[in-house]
């Protein structure tokens, strides 16, 4: 009988280990479900900042009825909050771009490699209602 008891004890230990693993697995799954089901805080609505990048003058003499600038295609536009880049866009063939930004104050930095790595910037304040104000 002693030999029979020895054989049963390991079976019980294995059963206990399997039960402990099952409990750990259930607890782990509950934690994953609980963490995944939390809703993130509602972020403020984003606003679109649009613009056009143009270079000029394209002629030494201004002519009435003719544009004195031309659109800059492929320029990089970055919205900066402090030193952190919040959004990036590139201009299309007509020099247009669109940035989607949450309310706040940003420096809009434009870089155009085609124009001797020229950089230009403007400060923009975006309000919660979607209105953008530029500052010099």
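Which of (1) surrounded by 14 or more Cβ atoms within 10 Å (Cβ to Cβ); (2) in a strand (DSSP E or B); (3) modelled with pLDDT of 90 or more does residue 124 not meet, given it meets every other one?
With respect to (1) surrounded by 14 or more Cβ atoms within 10 Å (Cβ to Cβ); (2) in a strand (DSSP E or B); (3) modelled with pLDDT of 90 or more, residue 124 is out only on (3).
Any idea which of 79, 55 is surrounded by 13 or more Cβ atoms within 10 Å (Cβ to Cβ) and either at pLDDT below 75 or in contact with a helix residue (DSSP H, G or I) (Cβ under 7 Å, 6 or more places away or on another chain) (or both)?
Checking each option against the conditions leaves just 55.
The values are calculated or read from the model by the stated rules, or taken from the named source; none is laboratory data. Everything numeric in this text was worked out from a predicted model, so none of it was measured. Counting neighbours? That spans all protein chains shown, and the Cβs are built from the backbone with ideal geometry, glycine included.
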